[in-house]
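Shown below is the structure under consideration.
The values are calculated or read from the model by the stated rules, or taken from the named source; none is laboratory data. None of the values given here were measured: they were computed from a predicted structure. Note that each Cβ is placed from the backbone with ideal geometry, even for glycine, and that neighbours are counted across all protein chains shown. Only protein heavy atoms, including side chains, enter the accessible area calculation; ligands, DNA and RNA are left aside. Shrake-Rupley method; radii C 1.70, N 1.55, O 1.52, S 1.80 Å.
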Amino acid sequence: MPHNHGLSDEIDREPNPQIIAIEDTDRSISRTHLILGVYSDELWVADAASGNGSVLVYPDGNAYPLDPWTRYVVDPGSTVRFGDRWFRVYSA
């Protein structure tokens, strides 16, 4: 796994103070699915070698399946799909 600089959280099925737990009765999300972080004021996301994979969709519509343990910068307006869930990133 690349060295983690800055803050990070994981999206996961199990609750933990450092983990974002998401109810997933269909079990489309792996035990640890995504890692999120901030470095130099940029949000990044990495797939944690999940079973169902993750996809980053940029605002222009280009979609990129995430290679495990590789960080991808998430631009404002992008959507991250993981399992059968997704979230969109907005700038503050």
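Counting only residues that are among the hydroxyl-bearing types (Ser, Thr, Tyr) and over 11 Å from the mean Cα position of the chain (by Cα), which one in segment 36-69 is nearest to THR25 (Cα to Cα)?
TYR64
Among the residues of segment 35-92, write down those that are under 25 Å from GLU23 (Cα atoms), acidic (Asp, Glu) and open to solvent by 70 Å² or more (accessible area, probe 1.4 Å).
ASP67, ASP84
Can you tell me which residue is modelled with the highest pLDDT among those in segment 13-34 that are surrounded by 18 or more Cβ atoms within 10 Å (Cβ to Cβ) and within 22 Å of VAL73 (Cβ to Cβ)?
Step by step, filter segment 13-34, then rank; the result is LEU34.
Quick check: anything in segment 71-88 more than 10 Å from the chain's Cα centre (by Cα), at pLDDT below 95 and of a type in the set (S, T, N, Q)?
Checked segment 71-88: no residue is more than 10 Å from the chain's Cα centre (by Cα), at pLDDT below 95 and of a type in the set (S, T, N, Q).
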